[in-house]
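These notes are about the structure you will find just below.
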Amino acid sequence: MNQLRDFFEAEKKRIVAPGPFFTARVMARLKQQAAENGIWDMMPRSMRPVLAVALALILCFVAFEFFIPQLPQRGVVESFLESEESPTESFLYNDTDVPARQVVLQQLIAPEDQP
Amino acid sequence: MDFDRELVVRAKTGDRSACETIVEQFSPMVFRLISRFFRTREDVEDLAQDVFLKVFARIDQVRPDENFPGWLARVTVNTCYDELRKTRRRKVALETYGPEMAGQLSVAPQEPDSLGKARLAVQQLDPKLRIPLLLKEVEEMSVEEIARMMGLTQTNVKVRLFRARKKLASMLGDAEEHRK
């Protein structure tokens, strides 16, 4: 066991000191790493799960909006005939609560006034 | 070791001068620890660079009340452990697929015979036995310090030290018998 004791003593005396450019090398690698890493690595680790959940929610919303079409407000026939409708017809056939303009009201009242 | 806690706070915000000061202040300690497990200057320097890159990548995990030098030493020892395991796996692969290369010894030619044998025996130990042994015998750390550094219980460290010494004794004993 003497050889082991000698070995440990020799190891205690062995010193490897950092070279004069060690700090510069570490800083250069740090800079290079920062340039290579994206925004994901720039933020603190504790923020990452929060951001990941937020991103997932946004993606879900966008996908929902994109893939699930909105129900059409009116049917195909109504859409086709829409261009031929006069404002009067539009007022009569479409069940709308929007008050009619004065012109439209006049056109509706006019036939009744005629004898 | 005197340490300005403000440095860590500044390094967390990405202050490069604070990072530089940390490297300058702690590189001798990191080099000393790594050189206990690796012999060539190139290996020691490469690993020391990796340690500091890891440290700055995880610096936001350091709590304000945490002992930063202790945390840094823990990162250093863990990095060495990972590297030793990788080296060991490579060595096993070499022994399996290329016996002529695995046969090359890593003892410096100018080393006295007995020291060389002891070094080889220590190098052949499993990293989980070798690290606590070298921290105890060369770095002269207490069992409590080793346990804290390696994330083990004190009993576990004592068991590993016992096994390491027993294995070394058997290896060196065998070598003695071969010589006779």
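Taking the range B:1-67, which chymotrypsin sites (Phe, Trp or Tyr not before Pro) meet the DSSP loop condition and have no more than 15 other C-beta atoms within 10 Å?
Numbers: sites: B:F3, B:F26, B:F31, B:F37, B:F38, B:F52, B:F56; in loops: B:F3, B:F37, B:F38.
Here the sparse-neighbourhood loop sites are B:F3.
Treating cross-link reach as a plain straight distance, find the lysines whose alpha-carbon is under 22 Å from the alpha-carbon of B:K91, omitting any fewer than eight places away in the same chain. The qualifying lysines are B:K117, B:K128, B:K167.
Starting from the range B:1-73, pick out the GluC sites (Glu not before Pro) whose DSSP state is loop and whose Cβ has at most 14 other Cβ atoms within 10 Å. Answer in residue order: B:E66. Multiplying the residue separation of A:L57 and A:R101 by 0.36 nm and removing their Cα-Cα distance gives an extension gain of 11.4 nm.
With 23 Å as the limit, write out which pairs from A:K13/B:K166; A:K12/B:K136; A:K13/B:K136; B:K54/B:K166 have Cα-Cα distances beyond it, or answer none.
Numbers: A:K13/B:K166 25 Å; A:K12/B:K136 11 Å; A:K13/B:K136 15 Å; B:K54/B:K166 35 Å.
Too far apart for the 23 Å limit: A:K13/B:K166; B:K54/B:K166.
FYI, it's all coordinate maths here, none of it is from the lab. Everything quoted here is computed from the prediction, not taken from an experiment. Glycine gets a Cβ as well: all are built from the backbone with ideal geometry, and neighbour counts include every protein chain shown.
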